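To start, the structure under review is shown below, and the notes come after it.
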Amino acid sequence: MKLSTVALVGRPNVGKSTIFNKLVGKKISIIEDTPGVTRDRIYGDVTYNDYKFHLIDTGGIDIGEDDFNKEIRIQANIAIDEADIVVFIIDGLTDLNQNDYLIRDILKKSGKTVIVAVNKLDNEKRQDNIYNYYELGFDNLIAISGEHNIGINTLLEEITKNLKPIQNEQEEDNIIKFCIIGRPNVGKSSLLNAILNEEKAIVSNIAGTTRDAVDTPFTYDKQKYIAIDTAGIRKSGKIYENIEKYSVLRAMKAIERSDVCLVVINKEEGIIEHDKHIASYALEEGKAIVIVVNKWDTKDDDETIKEYEKLIKAEFKFLSYAPIVFLSAKTRKRIHTLIPEINKAYENSKKEIKTSILNEVIREAVLLKAPPSYKGKRLKIYFVNQCSTKPPKFVFNVNNKNLVHFSYERYLENKIRENFDLEGTPIILQFKNKNED
């Protein structure tokens with residue numbers, strides 16, 4: 001199900017980030033505990049009652065030292081490009097200024113649904129200030145205080161009133177959806193064209209077009225695929241492509257709809273922190289991953305490839321299971337090695353493991369290395385079963401889940417991977433106390 005997108009816009013210092021954090025809530029992520037992987041959050045998912053939507057904090061988009069008016073304009077335009085609903089945040093303690101009017105004019109022209117949230121109105125006396133802002137010409141004004149959590153539920157009610165509740169939709173059978181992600185100028189466009197120009201690839205004439213991306217259906221060796229485009233590849237939008245945070249935002253939308261994510265690295269420039277940021281989003285969404293090293297025009301020397309593989313494994317410790325493909329999109333060298341890896345990662349992400357065999361593997365793992373004891377208590381594993389796929393998720397029924405040490409959890413994951421081919425897919429281990437629902 002395609003989620004709606006809501007954007008927060010407003011001039012600086014009106015409290016956008018506080019409201020963003022209030023709406024998204026605290027999201028604890030394994031990635032944020034991984035050394036070397038930090039990032040600014042400008043994009044999150046909000047769940048409210050039976051509704052879910054994407055939220056963008058445009059204030060998190062940094063456009064550098066440009067002219068201030070231009071910055072406000074770009075910020076508002078990005079929100080308009082992306083969003084179904086725009087929340088226009090005003091500082092309720094100050095008068096309207098030219099930047100507020102500038103954003104007003106852009107939003108009026110857009111024809112999008114606009115909710116005006118007048119922030120910092122944290123007591124009854126201040127709430128009367130809301131009437132000063134009707135001159136903006138919008139009908140829908142809500143008094144809120146992000147800092148004091150006032151009016152947030154009213155805002156959520158207003159945002160979700162015309163959204164469709166979340167529902168589990170049946171997926172299209174046997175169509176593999178993949179996206180190509182990576183920072184600007186690593187060769188995403190060339191790689192997509194190289195895949196589509198392969199002899200075996202038959203591109204469908206009916207290209208499904210959405211506002212977020214251009215999808216390209218094609219068939220390769222009788223298997224159907226959909227290549228989900230991210231901004232700057234086939235959709236015009238070059239002006240934003242070099243804004244790093246914006247490219248992450250676009251990648252997020254493509255990741256959400258994909259089965260497999262191709263993380264592209266430019267061999268000439270090497271690996272930088274931003275590559276890890278983008279890859280971490282794919283991991284957080286539980287997607288199968290293939291790492292693609294582009295611009296690999298050197299000789300196919302096994303030693304050179306092994307050396308570079310070592311470097312990638314060291315830099316992407318959190319993606320140790322991801323296969324690495326070396327190719328050149330420009331010369332189409334080794335391009336034929338990519339699709340088989342996409343297929344394998346996809347198949348492994350929906351692999352189902354027989355419960356009896358899984359329990360046998362875990363029993364042997366425990367016999368080989370018993371869990372460490374803590375204050376005289378030791379973890380006992382009673383039973384393990386796989387409860388879902390994409391990615392595979394395993395539930396361990398134990399005596400006390402608080403006794404699970406992260407190093408032992410990693411040991412169990414490694415044992416599962418040693419016994420079953422799960423290359424290309426993350427796996428989730430969940431521990432539950434014996435009588436826990």
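The values are calculated or read from the model by the stated rules, or taken from the named source; none is laboratory data. The shown structure was predicted, so the numbers you read here are calculated from the model rather than taken from an experiment. Counting neighbours? That spans all protein chains shown, and the Cβs are built from the backbone with ideal geometry, glycine included. For accessibility, only protein heavy atoms count, side chains too; no ligands or nucleic acids. Shrake-Rupley method; radii C 1.70, N 1.55, O 1.52, S 1.80 Å.
Cβ contacts < 6 Å: first residue over 19 Å from I272 (Cβ atoms), restricted to segment 303-317; second residue surrounded by 14 or more Cβ atoms within 10 Å (Cβ to Cβ), any location; separation 6+ or different chain. Result?
I305/F326
Contact list please: Cβ distance under 8 Å, first residue in segment 180-196 and farther than 14 Å from S258 by Cβ, second residue surrounded by fewer than 24 Cβ atoms within 10 Å (Cβ to Cβ) and among the basic types (K, R), pairs at least six apart or on different chains.
Sorted first by the residue in segment 180-196, then by its partner, the pairs are G187/K295; G187/K330; S189/R234; S190/K330; A194/K330; A194/R332.
Quick check on segment 182-191: of everything there that is crowded, with 21+ Cβ neighbours inside 10 Å and part of a helix (DSSP H, G or I), which residue is modelled with the highest pLDDT? Steps first, answer last, please.
Going residue by residue through segment 182-191, those that are crowded, with 21+ Cβ neighbours inside 10 Å are 182-183, 186-188, 191.
Subset that is part of a helix (DSSP H, G or I): 188, 191.
Working: K188: 81, L191: 89.
So, considering only residues that are crowded, with 21+ Cβ neighbours inside 10 Å and part of a helix (DSSP H, G or I), the one modelled with the highest pLDDT is L191.
Kindly provide the set of residues from segment 284-307 that are open to solvent by 30 Å² or more (accessible area, probe 1.4 Å) and either in contact with a His (Cβ under 8 Å, 6 or more places away or on another chain) or of a type outside the set (S, T, N, Q) (or both), ordered by number.
Within segment 284-307, E284, E285, K287, K295, D297, K299, D300, D301, D302, E303, K306, E307 qualify.
Which numbered condition trips up Y374, out of (1) loosely packed, with under 12 Cβ neighbours inside 10 Å; (2) more than 31 Å from the chain's Cα centre (by Cα)?
Condition (1) is where Y374 drops out.
Looking only at segment 239-251, decide whether some residue is assigned to a helix (DSSP H, G or I), at pLDDT 70 or above and buried (at least 22 other Cβ atoms within 10 Å of the Cβ).
In the first step, residues of segment 239-251 are kept if they are assigned to a helix (DSSP H, G or I); the result is 239-241, 244-251.
Next cut, at pLDDT 70 or above only: 251.
Going one step further and asking which of them are buried (at least 22 other Cβ atoms within 10 Å of the Cβ), we end up with 251.
Looking for residues that are assigned to a helix (DSSP H, G or I), at pLDDT 70 or above and buried (at least 22 other Cβ atoms within 10 Å of the Cβ), one finds at least one in segment 239-251, hence yes.
Select from segment 328-348 the residues that are of a type outside the set (D, E), buried (at least 17 other Cβ atoms within 10 Å of the Cβ) and in contact (Cβ under 8 Å) with a residue 40 or more places away in the chain and list them in ascending order.
If the condition is that a residue be of a type outside the set (D, E), buried (at least 17 other Cβ atoms within 10 Å of the Cβ) and in contact (Cβ under 8 Å) with a residue 40 or more places away in the chain, then A329, I335, L338, I339, I342, N343, K344, A345, Y346, N348 are the ones that fit.
Output the qualifying pairs, or none if there are none: Cβ atoms under 7 angstrom, residues six or more apart or on different chains, first residue in segment 349-378 and of a type in the set (F, W, Y), second residue surrounded by 12 or more Cβ atoms within 10 Å (Cβ to Cβ).
Correct list of pairs: Y374/L403.
In this structure, is F383 within 22 Å of F316 (Cβ to Cβ) and open to solvent by 70 Å² or more (accessible area, probe 1.4 Å)?
On the way: within 22 Å of F316 (Cβ to Cβ): no; open to solvent by 70 Å² or more (accessible area, probe 1.4 Å): yes.
Considered against the rule, which asks whether it is within 22 Å of F316 (Cβ to Cβ) and open to solvent by 70 Å² or more (accessible area, probe 1.4 Å), F383 comes out as no.
Name the single residue, out of those in segment 30-55 being surrounded by 19 or more Cβ atoms within 10 Å (Cβ to Cβ) and at pLDDT below 85, that is nearest to I271 (Cα to Cα).
Top of the filtered list is V37.
Would a scan of segment 72-93 turn up a residue that is modelled with pLDDT of 90 or more and out of contact with any strand residue (DSSP E or B) (no Cβ under 7 Å at 6 or more places or on another chain)?
Taking every residue of segment 72-93 in turn, at least one turns out to be modelled with pLDDT of 90 or more and out of contact with any strand residue (DSSP E or B) (no Cβ under 7 Å at 6 or more places or on another chain).
Return the pair list, or none, for Cβ contacts closer than 8 Å from residues in segment 402-413 that are open to solvent by less than 60 Å² (accessible area, probe 1.4 Å) to residues that are assigned to a helix (DSSP H, G or I) and modelled with pLDDT of 95 or more, at least 6 apart or on different chains.
Y411/A365; L412/I362; L412/A365
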